[in-house]
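Take a look at the structure below.
The values are calculated or read from the model by the stated rules, or taken from the named source; none is laboratory data. Since we're looking at a predicted model, the values are computed, not measured. Every residue, glycine as well, gets a Cβ built from its backbone with ideal geometry; the counts of neighbours run over all protein chains shown. Keep in mind that these areas ignore ligands, DNA and RNA; they rest on the heavy atoms of the full protein, side chains included. Shrake-Rupley method; radii C 1.70, N 1.55, O 1.52, S 1.80 Å.
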Amino acid sequence: MTGTERWARPMALIEKWEPFAPGLMALIVGIFYFLTMSPTIGHTDSGELDAVAYTFGVAHPTGYPLFTLLGWLFTRLPLGTVAWRMNLMCLLFVVGSAWVWAKFLREFFILMRTSVKKGDSSYALRIKVANLAGTIVGTLMLCFGRTWWMQSTSSEVYSLQCLFLAVMLWTLLKAWHSKEKVFKAWAIFAVVLALCFTNHLTSIVLLPGTLYLFFARFGFKGAAVKQGFGLVGIGLGVLVVFYGMLLFVASSHPAYNWGNPEDWPRLWHHIRGKQFSVFMFNGPKAFGENFVAYLNRLPNEFGWDLIWPKIPIWIGLGAMVFQGMTYALQRRREWAIFFGVGFLSNVFWAANYSIKDPEPYFLFSFMTIAFLGAMLLRWSWIGMKKVAPFLSGAFLIVIGFQVFWNFGVTNQRGAYQYEDYARATLSSVPKDAIIISKAWDVLVGPASYLQGCEGFRTDVTVVDYSLLHDRHWYAAQLKAQDPALANALGSRLTDWEKAVYDFDIKGKVNPAVLSPRFDAVYSGILAQVQTRPVFLAPDILNAISSGEIAPPPAGLAPLPDRYLVRLMPAEALTTYVPIAAASNPIRFAGDEDEYEHSLLKNLLAQSLSFRAKYEQQQGHQQEADALNAEVKALNVKPIKPRK
């Protein structure tokens, strides 16, 4: 039997089954994703995005028009609750990204056209194995990474970004290698890139590398520049259609209308995320801190949470990136530069954004690392045949750690706490109550879902103190959600709306106007205690205690309840008032070190402690002990930023 005949059967098997690898990768990650998917709303923006999609409103900047449109369509399906539908949609987006990313890697390796060495009978087979191994490992490394996996567990716009990043690379690869209908191939890529921008403006980090690839293919000539302008025109057309949709939606005054982009100044302010610019480019110190934080989180992407393994993991990652990039430069120099430029652009951009949960802003950097890992493995099978099996085993061990550790951290299957807390809080108040809070992450956002999607306790008005204080559009939304409150506030709300518009849109800072007008609106809301129940959330009490918010006016006294503190005329509290709210179980699950998880437990423990202190002061020690036991059972940990 000749060497060629010896390897004929393995070659035939690989050639037969290798095309199915992308689908198999998507199936594998999809199963794990489904096992960790949240059954309900998550924290932060999850509730708002669900409510906006279901009611076809306008989401917070930059508006996410494509995500909203797809969400609106998906929530029409008769499947479970609205939250479950949205979570499933996001899961499918990320599973789709696994399939497309695997297709990109497979086709990229095939198009590398590695020639077969004469006299090495196993070389042709090793090329096939190299391509397959690189595709499998590159896909699993990325998709079982903590940040990528997390996007599949609940409603978030980054799930669609995962998909479009993969589709963008796939269509760019096809455009790069196109020989017929070249402009059409690049036009398809331009549409996909524009759709990336309609979902999230962090797509800007792709532009430098994309421009390099385009001119590397066509040269910096007049014809190429003309063609480039044509592609830009196509992309701008897509952007106008989708972002123009926000203007029309806002003009219909939906219940959830962030930014109210009903005219050009508001629309431009909204789609460029102007309100978040205060977190951007805050100097070298902030960049350095964020970059070091990124490096510290990087080992966790691969399932290593302990401190001591980070140094060897950094060394391993460094070696992998170096050799993977070296091989990429040798085999596909232009694409190596594209990924390198994209990685640096991504890290530079994201590390200059000082927010508490920046991980999704580094998505393309994780793609680059997975790509270079796949390149390293391919290099080993082709050029280091004795090392390749051991290196493949090492990669599988790393992926095993990813699955083992990241499954527990990303698992949201029993994480009902945000829905439970918002539902219990809304249930605890009388009809037509007003709740004032700053806790967007764990109360206001989830309450938006319950009221907007399930119609639960729509008689209750939840006032977000921070939005009322800072955002020009919130007064209009408050008018739409509670006309009676708006009428009671009258000209005070209208005057504040104008003043905060001048501040938010035009940048006019006039404390002599802003402070008194806001105080008039806030005092007017508190004054509703004469006709409606008014409650303060624990976070507002914290802000009052720290001096950030002025205390309620004299004559109003706090009555702690189970979840909130009710403001009442002092004369109404001369005798003991029994606790009004029933005890509703809060089903906690997920990562206990997560910022929002800790925040919710702290707020809940704080409100229970307030009530326990009241019971003790009133001589009800047994009731106080029971409440303190609930606090102890929460096992509250200090709030710390997400890992």
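Some observations on this one:
- Residue ID - most open to solvent (accessible area, probe 1.4 Å), chosen from residues in the stretch 49-61 that are over 19 Å from LEU267 (Cα atoms) and not β-branched (Val, Ile, Thr): TYR54
- Among helices (runs of 4 or more DSSP H) entirely within the stretch 378-462, having at least 1 residues that are more than 29 Å from GLN151 (Cβ to Cβ) singles out 388-410, 417-427.
- Residue count for the stretch 606-643 under the criterion of being assigned to a helix (DSSP H, G or I) and either surrounded by 14 or more Cβ atoms within 10 Å (Cβ to Cβ) or basic (Lys, Arg) (or both): the result is 20.
- Verdict on TYR33 being buried (at least 21 other Cβ atoms within 10 Å of the Cβ) and within 19 Å of PHE407 (Cα to Cα): yes
- If you go through the stretch 74-94 and keep only what is part of a loop (DSSP other than H, G, I, E, B), open to solvent by 30 Å² or more (accessible area, probe 1.4 Å) and not aliphatic (A, V, I, L, M), you end up with ARG76, PRO78, GLY80, THR81.
- Residues that are over 16 Å from ASP420 (Cα atoms) and open to solvent by less than 40 Å² (accessible area, probe 1.4 Å), drawn from the stretch 594-605: GLU594
- Residues that are open to solvent by less than 60 Å² (accessible area, probe 1.4 Å), within 30 Å of VAL29 (Cα to Cα) and not hydrophobic (A, V, I, L, M, F, W, C) do not occur anywhere in the stretch 486-500.
- Residues that are farther than 30 Å from ALA130 by Cβ and in a loop (DSSP other than H, G, I, E, B) within the stretch 318-361 comprise ASN352, SER354, ILE355, LYS356, ASP357, PRO358, listed in sequence order.
- Considering the stretch 1-11, the residues that are in a helix (DSSP H, G or I) and surrounded by 11 or more Cβ atoms within 10 Å (Cβ to Cβ) include one that is modelled with the highest pLDDT, namely PRO10.
- Matching option when the condition is open to solvent by 40 Å² or more (accessible area, probe 1.4 Å) and either more than 24 Å from SER466 (Cα to Cα) or in contact (Cβ under 8 Å) with a residue 40 or more places away in the chain (or both), among VAL278, VAL292: VAL292
- Scanning the stretch 375-402 for residues that are under 26 Å from the mean Cα position of the chain (by Cα) and open to solvent by less than 20 Å² (accessible area, probe 1.4 Å) yields ILE399, GLN402.
- Hits in the stretch 433-458 (condition: open to solvent by 40 Å² or more (accessible area, probe 1.4 Å) and over 25 Å from ASN542 (Cα atoms)): GLU454, GLY455, PHE456, ARG457, THR458
- Only a single item in (1) more than 24 Å from VAL192 (Cβ to Cβ); (2) at pLDDT below 95 is not met by ALA83, and it is number (2).
- Candidate set: the stretch 510-532, residues that are of a type in the set (A, V, I, L, M) and either in contact with a strand residue (DSSP E or B) (Cβ under 9 Å, 6 or more places away or on another chain) or within 13 Å of HIS472 (Cα to Cα) (or both); chosen: the one most open to solvent (accessible area, probe 1.4 Å): ALA527
- Residues being polar (S, T, N, Q), at pLDDT 90 or above and closer than 14 Å to MET325 by Cβ are represented in the stretch 356-368 by at least one member.
- Restricting attention to the stretch 413-446, the residues being under 22 Å from the mean Cα position of the chain (by Cα) and under 17 Å from ARG562 (Cα atoms) number 9.
A quick yes/no check of all residues on (1) open to solvent by 10 Å² or more (accessible area, probe 1.4 Å); (2) under 27 Å from HIS269 (Cβ atoms); (3) modelled with pLDDT under 95:
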| position | (1), (2), (3) |
| --- | --- |
| HIS177 | yes, no, yes |
| GLU180 | yes, no, yes |
| TRP186 | no, no, no |
| VAL191 | yes, yes, no |
| THR198 | no, yes, yes |
| THR202 | yes, yes, yes |
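- Within the stretch 548-590, restricting attention to residues that are in contact with a strand residue (DSSP E or B) (Cβ under 7 Å, 6 or more places away or on another chain) and β-branched (Val, Ile, Thr), the residue that is modelled with the highest pLDDT is VAL565.
- If you go through the stretch 177-208 and keep only what is small (Gly, Ala, Ser) and either part of a helix (DSSP H, G or I) or in contact (Cβ under 8 Å) with a residue 60 or more places away in the chain (or both), you end up with ALA185, ALA187, ALA190, ALA194, SER203.
- Members of the stretch 45-87 found to be more than 16 Å from SER159 (Cα to Cα) and of a type in the set (Gly, Ala, Ser), listed by number: ALA51, GLY57, GLY80
- Filter result for ILE307 (part of a loop (DSSP other than H, G, I, E, B), within 30 Å of LEU372 (Cα to Cα) and either at pLDDT 90 or above or not hydroxyl-bearing (Ser, Thr, Tyr) (or both)): yes
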